[in-house]
Amino acid sequence: MLKLFHAWGSCSLASLIALEEAGAAYEVALMDTKVGDQRKPEYLAVNPKSRVPALVTERGVLTETPAILAWIAQTWPAARLAPLDDPFAFAQCQAFNSYLCATVHVAHAHKHRGYRWAVTEAAFADMTAKVAENETACFGLIDSEMLQGPWVLGEAYSICDAYLFTIAGWLEGDGVDIRQFPKVAAHFDRVAARPAVRKVLA
């Protein structure tokens, strides 16, 4: 059985939602990153990157949210979680998820993870001060140019939607009002109402 290492409040929620949407058989290993579970030797043996998510499969461990999401979509094609029959559309799916991973998530991480990029308290404060501004710019772009609606890729729900829902859930805590992005706000509510998402969040 698959085993997903998951921490509430982290990006691993997207993978958990995707597994549930796919109808996969899986178990969840809950992590508390606030107390440093990700740095414990037993977890480093699973994922030396010291991050979540990590998905243990029969062929080995997968890490990085975009990779895990793509693998889930390709492993359970009947769930139709990505446009697998159209290489260009699938590349667009990957491009969106890559933007969330490499740009939007990093903008958020500057709030609590400044030590990854700097060494002084003043630098940490500068990075934290820019979080709301940077996230507002990111979500402004998503709202105006990238969210095709009603789902990220248009008419079909996909792994992109679980990922966007996860990261949009961080906005309030970062001092950004999701309601200034009407498409993103409506999308968030739409995803939250899905049975698989309700089950995961419960």
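The values are calculated or read from the model by the stated rules, or taken from the named source; none is laboratory data. Since the structure is predicted, the reported quantities are computational estimates derived from the model, not experimental observations. Here the Cβ positions follow ideal geometry from the backbone for every residue, glycine too, while neighbour counts run over all protein chains shown.
Quick notes on this structure:
- Residues that are acidic (Asp, Glu), out of contact with any strand residue (DSSP E or B) (no Cβ under 6 Å at 6 or more places or on another chain) and touching a residue at least 12 places away in the same chain (Cβ under 8 Å) were ranked within the stretch 105-162; the one that is nearest to Glu21 (Cα to Cα) is Asp143.
- Matching residues in the stretch 107-122 - criterion: being in a helix (DSSP H, G or I) and surrounded by fewer than 14 Cβ atoms within 10 Å (Cβ to Cβ): Tyr115, Arg116, Glu121, Ala122
- Hits in the stretch 74-100 (condition: outside any loop (DSSP other than H, G, I, E, B), aliphatic (A, V, I, L, M) and either exposed (fewer than 14 other Cβ atoms within 10 Å of the Cβ) or free of Cβ contacts under 8 Å to residues at least 12 places away in the same chain (or both)): Ala78, Ala91, Ala95
- Residue match in the stretch 32-46 (condition: in contact with a Gly (Cβ under 9 Å, 6 or more places away or on another chain) and assigned to a helix (DSSP H, G or I)): no
- Residue within the stretch 154-163 that is farther than 15 Å from Leu100 by Cβ, modelled with pLDDT under 95 and charged (D, E, K, R) present: no
- Residue within the stretch 133-152 that is among the hydroxyl-bearing types (Ser, Thr, Tyr) and surrounded by fewer than 14 Cβ atoms within 10 Å (Cβ to Cβ) present: yes
- Positions within the stretch 158-177 being surrounded by 19 or more Cβ atoms within 10 Å (Cβ to Cβ) and either in the same structural domain as Ala25 (by TED's automatic domain parsing) or in a helix (DSSP H, G or I) (or both), in sequence order: Ile159, Cys160, Asp161, Ala162, Tyr163, Leu164, Phe165, Thr166, Ile167, Ala168
- Test for Ala22: is it in contact (Cβ under 8 Å) with a residue 60 or more places away in the chain and within 18 Å of the chain's Cα centre (by Cα): no
- Among the criteria (1) surrounded by 16 or more Cβ atoms within 10 Å (Cβ to Cβ); (2) closer than 12 Å to Tyr163 by Cα, the one Trp71 does not fulfil is (2).
- The set of residues in the stretch 178-195 being touching a helix residue (DSSP H, G or I) at 6+ places or on another chain (Cβ under 6 Å) and either among the aliphatic types (A, V, I, L, M) or in a loop (DSSP other than H, G, I, E, B) (or both) consists of Ile178, Phe181, Val184, Ala185, Val191.
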